[in-house]
Amino acid sequence: MDLRQRNLLRKRLATLQAAAWLMVLGLGLVYAWLQVVRRSELQQLALSQAVKVRTTPAPRGIIFDRNGHRLVDNRRALHLVIQQEDLPKEASQVESLAQALEQDPAQLARRVQMARSAGMKRSLIVQDNLDDSGLARAENLRARFPFLSIEVAPRRVYQGDELAAHVLGYVGEVNPQLMSKEPGRYQLGEIVGRSGFEAARNDLLKGQDGQRKSLVDHLGREVALYGLENSTPGQSVYLTLDSGLQKTMQDAFGEERGAGVVIDLRDGGILALYSSPSFDPNAFLGHMSQEDVDLYVRNPTQPMLDRATQGLYPPGSTYKLLIALCALEKGIISPESTFTCHGRKTYYGREFRCDGVHGTLNLVQAIARSCDVYFYELGARLDVDEIHATAAKYGLTELTQVDLPNELPSRIPSRDWKARHGRKEKKWYAGETISVAIGQGQNGVTPIALARFYAMLGAKGKVLTPHLLYGQRDESGQMKIIPPQKPRDAGLDPKVWAVLDEGLYEVVRSGTAHKSALPGVTMCGKTGTSQVTTFVDKAHYRTLAKQFRDNALFAGYAPRENPQIAWAVVVENAGFGADAAAPIARKLCQYWFLDRLKKPLPPPGGKLPDAFEEPQSDEAEQDQEPAAPPKPQADGAR
Amino acid sequence: MNLPMTPGALNKSTRNLDPVLLFLVLVLSTLGTLTLYSAGKGTAHQALWLRQSVWNGLGLLAMLLLSRFDYRRLAQSSLSIYITGLLGLLVVLVIGHTVSGSKSWLTWGGISLQPSEFVKWIVLLFVAHRLGTKSPEGLTNWDLVGAAGLLFFPMFLVLKQPDLGVAMTYSPILLLFPLLRGIRWRWVVAGVLGFTLLSTVVWNYKLKTYQKERILTFIDPSRDLKGKGYQVNQSRIAIGAGGLWGKGFMSGSQTQLNFLPVKTTDFVFSVWAEERGFVGILIALALFGVLLHRILAIAGEATTAIGTYFCVGAAGIFGFHILINIGMVSGALPTTGIPLPFFTYGGSSTLAFFLALGIIMNIHHQAKSR
């Protein structure tokens, strides 16, 4: 090789060396692009596929009755779910899954789509509450649909099934309506209270969800825990309810329709609240069977309706106490004033009837025997707006503010009300006031409002706020009482009150409800029979179909010496209040004042906390009616 | 020339053992083995780094031995070596072991060898020997066509396995020689036009849809996100996640959580990229650059044309491996299974790379000891 050639070779090799370095530079630029320019974007991608954030749902608070008996408990449930990151993208997959699960493909596809677009943090439940065979089927499905997984989640268990369904309500996945009503408050897939106390105090019961960040490998298997935020369980609470009394009420209603409420006169706590027919909240926790839908949702007897807070009933004769109160306060009558009943009387050219021919009676007698003519007379002397004003003064026109959702206000007619709500006529006729005076006509009250009115009578003019929340469970598992709202003093004249009390006492002692008198317990109350259809004569009455019969009512308080409880009971289409409703109230008093102390429920913690005996802090004591020991009544029963 | 077995000769040869190449090969194989250790940790490939260390040790020994053996004597026997290599490829086709679709392995007593990895160096040696009678400028087109003919048989046999990746690594042997000789621009233009025309015709009239799809996926892996596209995508994420300084040894999430596929073989460089970052990439690229630079420098020193041809071809083969593999894992080049020298796990390729370096060291040695 000569020198010229060697130089040429050197030049060409140098060119090749330059090419090699150019190649290295080019590769370096590619890596600079990835590692310097696109670094954060790719790091984010790496993180997002390796770190999975899953919500761990907080268990909801447990609900106890006032004695510490569990009304709602939590169990572990297994759900077949799809994790957010595994949501299938192909429509065919969703469709075949729906077929395998025997679900509506369109609905499942909609849920999958919704879960994806809303960026749901929770897993999508495709089948809930798997039992053993369901679990076996689910495992088989997982082989076919690898995006499925099985998740453990807390599940509500409602003890006593139908016992307190309308009080407790039930929980379920939040629905789009609820989410659009309060945007930002709920997360898709969240379990929320859907009715009853569960819904009313969802804030208290729901707890704080936790987060589980885990490092997963390429197969989605958890390799390590990356970060854990424990969930905070919801607040466990004690209700004012007494499950024994509640059970007594449930049994007393039996197959009858209606509702009853018992209120603790010291603080307004609801001791029992039952709406019949009831339903089993456990049936609403997951996918409902067709059988349950037919039984509860499509049933014309409306088991889902809480008649205690949403049922509007004409109060019938139970309304007479309001009229009497109004008349006494207006000075239209004195306690001694008498009217004579001939069984019927004509006002404004129309004849109004009475149940019997009562002769001459004073107010106490008129209440005891439920004379309509006496109250027609009062109605003729009163103005409807005066009645309305008295109702408002004693809290009958307003919502009771009970901690249950969707309470309906009672309908207490007035001129103004008719002008706004009257269907054809906007003008009030004096004749209508006659009907109003015996609780017919446009009147409509909810059982809870009626119970509160009688609680007000029992408490000598204190307007209580009925409530279910009694206390909450502190860290040591003890109950911490939540102070109830202070009652409003409506300023009932003690002399006026004494007359009404006398009347109510006579109802049970010698009047319409004397058959329901309970030896040893001095019950005070008022029967009511409200017309559902136009009046027909008594002979014809027995032939009427059940749904046209009158509603039976009985409201009152006991014991007379030192009232502790007040109640209202409405039995739909059951006939006379004395026959159908008063016996239920009698059973309630029998249980509360006699049986409860003799045969208490098995105590939860070794001691049966008695609502009337419980030592309370001085401060709480001042907020409430001074409570006298209930023992005398109990002992006096023997 | 005899083997330099006298003490004086050994002294001389030790002095002339190229320190740059020795340094590079030691550093690169050490880095490669460490990366394999991290990549295999906790998987079925946990022990691969140990096996690779054994191969490195054997390779180092073979390289040192070959660096003392006169390459011209080796070149003289290159015809018989070439024929032995072809026979080896034939044997593989008959009794070979199939791994991931390619029948390219001879397995004997727990040791697997891939003859095709050695054959590329054998072909290079044989071609260098055949062309070695002429200086680079003296090469005629016919010489090159003849050399191409020598390449045809082994490439055909490797494609039969089929192993497109390895077959492609044979091509740089020829591509660089026209450059070395000097090439007219019109030939380059004619070549490009001819290739374009030919491929257009083949594409439109000869290929079936699935074949087109396969080629398109080869060019753009993102068309097949669950297969090759998935691999490249994960590899890019791993590289990018490494950032400037890297996640640190054994700390790459892509690597350790197995998001990165075939991380001990084809994609091992992304493990390096994730754990060492851009700084590590620059170091590795610099080492490879110096390697190529040094081999081409030795090509210039060579006392014979055979030596020059061998070094240039070797630089081509090394460069091709580096370009395709590092380009592939970053998604800049199509995905194809080509090992990265001293990083990718593999006995045959590692041993072959060491042997080639042994010959280059001898070429250097001969030049120095003249």
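Data for the structure
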item	result
Selected residue (criterion: nearest to the other protein chains (Cβ to nearest Cβ)) from residues of the stretch B:239-251 that are in contact with a Lys or Arg (Cβ under 9 Å, 6 or more places away or on another chain) and not in a helix (DSSP H, G or I)	B:GLY243
Among the residues listed as A:LYS486, A:LYS480, the single one being outside any strand (DSSP E or B), at pLDDT below 95 and not small (Gly, Ala, Ser)	A:LYS486
Qualifying position, being in contact with a Leu (Cβ under 7 Å, 6 or more places away or on another chain), of a type outside the set (A, V, I, L, M, F, W, C) and in a helix (DSSP H, G or I), among A:ARG142, A:ARG137	A:ARG142
Helices (runs of 4 or more DSSP H) (entirely within the stretch A:334-400) containing at least 1 residues that are in contact with a Lys or Arg (Cβ under 6 Å, 6 or more places away or on another chain)	A:372-381, A:384-393
Residue check, A:GLY61 surrounded by 17 or more Cβ atoms within 10 Å (Cβ to Cβ), away from chain B (no Cβ under 14 Å) and either polar (S, T, N, Q) or out of contact with any helix residue (DSSP H, G or I) (no Cβ under 9 Å at 6 or more places or on another chain) (or both)	no
Options B:LEU285, B:LEU333: the member that is in contact with a helix residue (DSSP H, G or I) (Cβ under 9 Å, 6 or more places away or on another chain), within 7 Å of another protein chain (Cβ to nearest Cβ) and within 18 Å of A:LEU29 (Cβ to Cβ)	B:LEU285
Members of the stretch B:230-256 that are farther than 14 Å from A:LEU34 by Cα and open to solvent by 10 Å² or more (accessible area, probe 1.4 Å)	B:TYR230, B:GLN231, B:LYS247, B:GLY248, B:PHE249, B:MET250, B:SER251, B:SER253, B:GLN256
Cβ pairs under 9 Å, 6+ apart, first in the stretch A:422-436 and more than 12 Å from A:VAL384 (Cβ to Cβ), second small (Gly, Ala, Ser)	A:LYS426/A:ALA419
Lone qualifier among B:PHE156, B:PHE118, B:PHE152, B:PHE126 - being buried (at least 19 other Cβ atoms within 10 Å of the Cβ) and without any contact (Cβ under 8 Å) to a residue 60 or more places away in the chain	B:PHE126
Filter pass, B:VAL158 being aliphatic (A, V, I, L, M) and within 24 Å of A:LEU13 (Cβ to Cβ)	no
Single match in B:VAL279, B:VAL268, B:VAL290, B:VAL262 (criterion: away from every other protein chain (no Cβ under 11 Å) and open to solvent by 10 Å² or more (accessible area, probe 1.4 Å))	B:VAL262
Complete set of residues in the stretch B:132-155 that are more than 22 Å from B:LEU74 (Cβ to Cβ), of a type in the set (A, V, I, L, M) and over 21 Å from the mean Cα position of the chain (by Cα)	B:LEU144, B:VAL145
Candidate set: the stretch B:312-330, residues that are within 9 Å of another protein chain (Cβ to nearest Cβ) and touching a residue at least 40 places away in the same chain (Cβ under 8 Å); chosen: the one nearest to B:THR344 (Cα to Cα)	B:ILE326
Check on B:ILE95, loosely packed, with under 14 Cβ neighbours inside 10 Å and either more than 19 Å from the chain's Cα centre (by Cα) or closer than 17 Å to B:GLY358 by Cα (or both)	yes
Residue in the stretch B:361-370 that is farther than 30 Å from B:ARG236 by Cβ, in a helix (DSSP H, G or I), small (Gly, Ala, Ser) and modelled with pLDDT of 95 or more present	no
Yes/no for A:ARG221 being at pLDDT 85 or above and open to solvent by 60 Å² or more (accessible area, probe 1.4 Å)	no
Failed item, numbered, when A:VAL152 is tested on (1) touching a Ser or Thr at 6+ places or on another chain (Cβ under 8 Å); (2) in a strand (DSSP E or B); (3) at pLDDT 85 or above; (4) of a type outside the set (Lys, Arg)	(1)
Test: residue in the stretch A:161-168 that is of a type outside the set (A, V, I, L, M), in a helix (DSSP H, G or I) and in contact (Cβ under 8 Å) with a residue 60 or more places away in the chain	yes
Yes/no for A:ARG12 being at the interface with chain B (Cβ under 7 Å from one of its Cβ atoms) and open to solvent by 50 Å² or more (accessible area, probe 1.4 Å)	yes
Test: residue in the stretch A:37-55 that is away from chain B (no Cβ under 14 Å) and part of a loop (DSSP other than H, G, I, E, B)	no
Selected residue [in contact (Cβ under 8 Å) with a residue 24 or more places away in the chain, outside any strand (DSSP E or B), more than 14 Å from chain B (Cβ to nearest Cβ) and open to solvent by 10 Å² or more (accessible area, probe 1.4 Å)] from A:LEU188, A:LEU178	A:LEU188
Residue match in the stretch B:297-310 (condition: part of a helix (DSSP H, G or I), of a type in the set (D, E, K, R) and more than 11 Å from chain A (Cβ to nearest Cβ))	no
Leading residue by the ranking (nearest to B:ILE95 (Cα to Cα)) among those in the stretch B:159-175 that are assigned to a loop (DSSP other than H, G, I, E, B) and touching a residue at least 60 places away in the same chain (Cβ under 8 Å)	B:GLN161
Search result, residues across the stretch B:35-52 that are free of Cβ contacts under 8 Å to residues at least 60 places away in the same chain and in a loop (DSSP other than H, G, I, E, B)	B:ALA44, B:GLN46, B:ALA47
Check on B:LYS120, part of a helix (DSSP H, G or I) and either touching a Phe, Trp or Tyr at 6+ places or on another chain (Cβ under 6 Å) or within 14 Å of chain A (Cβ to nearest Cβ) (or both)	yes
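The values are calculated or read from the model by the stated rules, or taken from the named source; none is laboratory data. None of the values given here were measured: they were computed from a predicted structure. Every residue, glycine as well, gets a Cβ built from its backbone with ideal geometry; the counts of neighbours run over all protein chains shown. Accessible surface areas use protein heavy atoms only, side chains included; no ligands, DNA or RNA. Shrake-Rupley method; radii C 1.70, N 1.55, O 1.52, S 1.80 Å.
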